[in-house]
Amino acid sequence: MTTADRPLRRISARVRILLWLLVVMAVALTAVAATTRSVLLRDVDHRIDRLLAQETAEFTNLAREGVDPHTGRKFAAPDPLLRLFLSRQYADPDEELLGLVGRPGRAPAKKEQSREPRIGHPLAEDPAALRTVFESPDATGTLHRDRGEVRWAKVEIAASAGHPAAAFVVAFHPAGEQAKAGDVFTMLLAISGVALLMTTGIGWAVAGRILKPVRLVRTTAAQLTEQDLTRRIPVQGRDDIAALAETFNGMLDRLERAFAAQREFVDDAGHELRTPITIVRGHLELMGDDPREREETTRIVMEELDRMSRIVEDLLLLAKAERPDFVTPEPVQLAELTADVFVKARALGDRDWKLAEVAEGEAALDPQRITQAMVQLAQNAVQHTVPGQRIGIGSRCAAGRIELYVADSGPGVQAQDAAVIFERFRRGTARRGSRATGAGLGLAIVRAIAEGHGGQVEPRPTEGGGATFVLVLRAGPREQEPGLP
Ligand SMILES: Nc1ncnc2c1ncn2[C@@H]1O[C@H](COP(=O)(O)OP(=O)(O)OP(=O)(O)O)[C@@H](O)[C@H]1O
Ligand SMILES: [Mg+2]
């Protein structure tokens, strides 16, 4: 089993938020502690530098200007100078003041130490280190011993007649000061640890509180089924989580409506398709050997099959109406379009066809879909009239809108039907003719096409009696003669 096959372990948002928070905080706190430590250590360094410089300056001063109290003259030998200086000095804690007098080939003699400092491993008791310092050509330096680091500075007194070379040495043991900086660092780390622990607790609780609605959305979504879309998430407060719940609820509303519409549609379609199947079946079962009867049955069966295939085609068209490419507008000459529709409609039946009005100009329409809609309207007009009756077809531009219409002189649409006839599978109450009049999909298709163009279909009475169906469409940006009556 490869990694790809294995289901990835899900890390909850709560844990992820908390982990990120902790990582960022840990890095920040450690950086603060480390910076504080290095600043403290630098301070210790500077302080030691100042101290060493100060002691050596004082000694140099005494050597240059000082007077031997016994002789009343300048110091002739290093011994009295060192003794006097050391007797006057007080060493700080961690500090050693030494007078060294050279002994060729051996460690220098330790002259005097002003005071016993409380130092673990004093330089004074480390002859090898004393020799290193004494013989070093530098005036200051750092000695890295196994028993602790020593910072030192010295002032040399050159050998003169009868007197060996000597030196005043000031040594500082920084371990104590450095340990203090280390303590501060450790303490900061400990405080950071406590802060992290507290953050973990508070962060866990706060993230849980904030994410609670998200969990609610998840559980609600998990409980939804196609049969039960009625559950909703309670909306509390006005934050973005409440907005999420509202959006989710809105989506559920739409889903519920869509599912309901789909169920209704499938029920209706099933019903409409079952009727012709029953008829075909019945006729075929009862069909005898009489050639005339067989001919009649064949005719009826063919008719029903035609009807079924028309319904299926119409349903497919309606299903397509949901797609964004259902209508593809292009610049169309309205006059040409109206004439085309008129020619096609005329072939639908023997009526008194009339091209009533023709709009001039260009508009952005889908000519195929508009023709389809107008032919549906013309078909209805034919169904609701008898041969010889007048059916008018026309187009006009009015108040920035384009109107294309089919006006018949039939019985007109009944008032109670006007509201429902545009719905799928809905037919008017006063139906004319046989069942073959249709499934009630025609006007639904017309409406879908009109809406696809951003317009609508309006039923209006025809002057002198009859029904007029008008496609009211927005005049596209290409329209040349706006507001023509
Ligand atoms: N020109 C009209 N005059 C009077 N009533 C009409 C007219 N056109 C449509 N109707 C009413 O509207 C109803 C719905 O029309 P629609 O075109 O949607 O369905 P249909 O014509 O019955 O069937 P289909 O168009 O699917 O073959 C019709 O049953 C009829 O009652
Ligand atoms: Mg129809």
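The values are calculated or read from the model by the stated rules, or taken from the named source; none is laboratory data. Quantities reported herein were computed from a predicted structural model and do not represent experimental measurements. Cβ atoms come from the backbone with ideal geometry, glycine included; neighbour counts cover every protein chain shown. Surface areas here come from the heavy atoms of the whole protein model, side chains and all, with no ligands, DNA or RNA. Shrake-Rupley method; radii C 1.70, N 1.55, O 1.52, S 1.80 Å.
Structure summary
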read-out	value
Qualifying positions in the stretch 383-396 - within 9 Å of ligand 1 (Cβ to nearest atom) and surrounded by fewer than 21 Cβ atoms within 10 Å (Cβ to Cβ)	GLN383
Condition met for ARG118 (modelled with pLDDT under 90, farther than 30 Å from MET198 by Cα and surrounded by 12 or more Cβ atoms within 10 Å (Cβ to Cβ))	no
Lone unmet requirement of (1) more than 16 Å from ligand 1 (Cβ to nearest atom); (2) touching a strand residue (DSSP E or B) at 6+ places or on another chain (Cβ under 9 Å) for ASP340	(2)
Criterion: over 15 Å from LEU404 (Cα atoms) and in a helix (DSSP H, G or I) - qualifying residue of VAL341, VAL375, VAL382	VAL382
Residue under evaluation VAL217, criteria (1) surrounded by 17 or more Cβ atoms within 10 Å (Cβ to Cβ); (2) in a helix (DSSP H, G or I); (3) touching a Lys or Arg at 6+ places or on another chain (Cβ under 8 Å), criterion not met	(3)
Per-region count, the stretch 398-408, residues surrounded by 23 or more Cβ atoms within 10 Å (Cβ to Cβ) and either away from ligand 1 (no atom under 12 Å from the Cβ) or part of a loop (DSSP other than H, G, I, E, B) (or both)	2
Within the stretch 231-263, considering residues that are closer than 14 Å to LEU211 by Cα and outside any loop (DSSP other than H, G, I, E, B), the one modelled with the highest pLDDT	ALA243
Residue satisfying condition, being open to solvent by less than 50 Å² (accessible area, probe 1.4 Å) and under 30 Å from ASP306 (Cβ atoms), within set ALA245, ALA261	ALA261
Residues located in the stretch 315-335, provided they are farther than 15 Å from THR371 by Cα, in contact (Cβ under 8 Å) with a residue 40 or more places away in the chain and within 33 Å of the chain's Cα centre (by Cα)	ALA321
Filter result (within 15 Å of ligand 1 (Cβ to nearest atom) and either under 11 Å from HIS453 (Cβ atoms) or out of contact with any Phe, Trp or Tyr (no Cβ under 6 Å at 6 or more places or on another chain) (or both)) within the stretch 355-380	GLN372, ALA373, MET374, VAL375, GLN376, ALA378, GLN379, ASN380
